[in-house]
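Student: I am attaching a structure below and will ask some questions about it afterwards.
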Amino acid sequence: MNKHGWLMRAGAGAALFLVFHGLSLAHGVVGKDAAFLKQSVGLQIGPFLYLGAKHMVTGYDHLLFLVGVIFFLYRLKDVVTYVTCFAVGHSVTLLAGVLSGSHFNPNIVDAIIGLSVAYKAFDNLDGFRTLFGVQPNTKLAVLGFGLVHGFGLATKLQDFHLSSTGLVANIISFNVGVELGQLIALTVVLFVMTRWRHTSGFMRHAVMANVLLMTAGFVLMGYQLAGYVTGGKV
């Protein structure tokens, strides 16, 4: 098996693993982390920092969207610009959602997050220009979907009815952790993408990779909509 073929198969396998493994875990806060949040009272900066980073690094939907966002970004300046748009979006709604007590149906929010993955992959395939003759503003789209991703993060915390004592500092710590987790994930993704881009088969396999990414997004969306229709969380 040649080098670029191996990278393509590894990338496809990783995408499928993220989707189906993530679905099996329901992308929530579980186990010891859930127990901690239920019992947490007062200022807990370190633990919330850790939980934020962990949630982003293991958040398959956020990671898939991030892969789509940077897929064809070659300049570091562009990567920073788009990732900043995403970070600003999810930071605003994460903080606002939890601190204001605003509640949203988690299935609907996560379904839109799945749609964001499919949208970005479709955009990478130049689908809007090809089929509709228009090109949406990609920065605004990333910012807008970042807002939705932030609500997705907020719904995971709202389930635990967090103590109001130290809540602001704890949620800010969680958000900082999310950004640190995003930086860790971004570093890994950029390293893999850079290596892949230097192979002769990158452009040929890029189309299939984005088709897989779009499929994963629709699978995630369908899974969450099924949960909404049946009245159960997934």
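The values are calculated or read from the model by the stated rules, or taken from the named source; none is laboratory data. Predicted, not measured: the structure shown is a model, and the values here were computed from it. Cβ sites come from the backbone with ideal geometry, for glycine too, and all protein chains shown count toward neighbours.
Student: Just one of the numbered conditions (1) in contact (Cβ under 8 Å) with a residue 40 or more places away in the chain; (2) under 25 Å from residue 52 (Cα atoms) is not true of residue 206; which one?
Tutor: Evaluating residue 206 over (1) in contact (Cβ under 8 Å) with a residue 40 or more places away in the chain; (2) under 25 Å from residue 52 (Cα atoms) leaves (2) as the failure.
Student: Tally up the residues in segment 64-91 that are touching a residue at least 24 places away in the same chain (Cβ under 8 Å), of a type outside the set (Val, Ile, Thr) and more than 20 Å from residue 52 (Cβ to Cβ), please. Let's see the steps before the verdict.
Tutor: Residues of segment 64-91 that are touching a residue at least 24 places away in the same chain (Cβ under 8 Å), as a first pass: 64-72, 74, 79, 81-83, 85-91.
Retained after the next criterion (residues that are of a type outside the set (Val, Ile, Thr)): 64-66, 68, 71-72, 74, 82, 85-87, 89-91.
Adding the requirement that they be more than 20 Å from residue 52 (Cβ to Cβ) leaves 68, 71-72, 74, 82.
The qualifying residues number 5.
Student: Evaluate the following for residue 187: is it surrounded by fewer than 19 Cβ atoms within 10 Å (Cβ to Cβ), of a type in the set (Ser, Thr, Tyr) and assigned to a helix (DSSP H, G or I)? Explain how you work it out, then say what you get.
Tutor: On the way: surrounded by fewer than 19 Cβ atoms within 10 Å (Cβ to Cβ): yes; of a type in the set (Ser, Thr, Tyr): yes; assigned to a helix (DSSP H, G or I): yes.
Judged against the criteria, residue 187 is a match.
Student: Still on this structure: Being crowded, with 22+ Cβ neighbours inside 10 Å, in contact (Cβ under 8 Å) with a residue 40 or more places away in the chain and among the hydrophobic types (A, V, I, L, M, F, W, C) narrows it down to one of 147, 153, 99, so name that one.
Tutor: Values: 147 fails: crowded, with 22+ Cβ neighbours inside 10 Å; 99 fails: crowded, with 22+ Cβ neighbours inside 10 Å.
None of the other options fit; the residue is 153.
Student: Also: Which of the numbered conditions does residue 229 fail, given that it passes all the others? Conditions: (1) in contact (Cβ under 8 Å) with a residue 12 or more places away in the chain; (2) β-branched (Val, Ile, Thr); (3) more than 18 Å from residue 59 (Cα to Cα).
Tutor: (1)
Student: Got a sec? Which of 72, 65 is modelled with pLDDT of 90 or more, among the hydrophobic types (A, V, I, L, M, F, W, C), within 30 Å of residue 197 (Cα to Cα) and within 14 Å of the chain's Cα centre (by Cα)? Give the steps one after another, and end with the answer.
Tutor: Details: 72 fails: within 14 Å of the chain's Cα centre (by Cα).
Selected residue: 65, the only one of 72, 65 that is modelled with pLDDT of 90 or more, among the hydrophobic types (A, V, I, L, M, F, W, C), within 30 Å of residue 197 (Cα to Cα) and within 14 Å of the chain's Cα centre (by Cα).
Let's see how each residue does on (1) hydrophobic (A, V, I, L, M, F, W, C); (2) assigned to a loop (DSSP other than H, G, I, E, B); (3) closer than 24 Å to residue 223 by Cα:
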| position | (1), (2), (3) |
| --- | --- |
| 91 | no, no, no |
| 95 | yes, no, no |
| 107 | no, no, yes |
| 111 | yes, no, yes |
| 122 | yes, no, yes |
| 131 | yes, no, no |
| 140 | yes, no, no |
| 144 | no, no, yes |
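Student: Residues in segment 212-234 that are surrounded by 15 or more Cβ atoms within 10 Å (Cβ to Cβ), farther than 12 Å from residue 117 by Cβ and among the β-branched types (Val, Ile, Thr): how many?
Tutor: 1
Student: Inside segment 16-62, can you point out the residues that are in contact with a His (Cβ under 7 Å, 6 or more places away or on another chain) and at pLDDT 90 or above?
Tutor: 56, 61, 62
Student: Please verify whether segment 158-167 includes one or more residues that are outside any loop (DSSP other than H, G, I, E, B) and in contact (Cβ under 8 Å) with a residue 40 or more places away in the chain. Outline the logic, then answer.
Tutor: In the first step, residues of segment 158-167 are kept if they are outside any loop (DSSP other than H, G, I, E, B); the result is 158, 167.
From the residues that got through so far, the ones that are in contact (Cβ under 8 Å) with a residue 40 or more places away in the chain too are 158, 167.
Yes, that holds for at least one residue.
Student: Step by step: first the residues of segment 55-89, then only those that are in a helix (DSSP H, G or I) and small (Gly, Ala, Ser), then the one that is nearest to residue 178 (Cα to Cα). Which residue is that?
Tutor: So in segment 55-89, the residues in a helix (DSSP H, G or I) come out as 55-57, 60-70, 76-89.
From the residues that got through so far, the ones that are small (Gly, Ala, Ser) too are 68, 87, 89.
Numbers: 68: 18, 87: 9, 89: 12 Å.
Among residues in segment 55-89 that are in a helix (DSSP H, G or I) and small (Gly, Ala, Ser), the one nearest to residue 178 (Cα to Cα) is 87.
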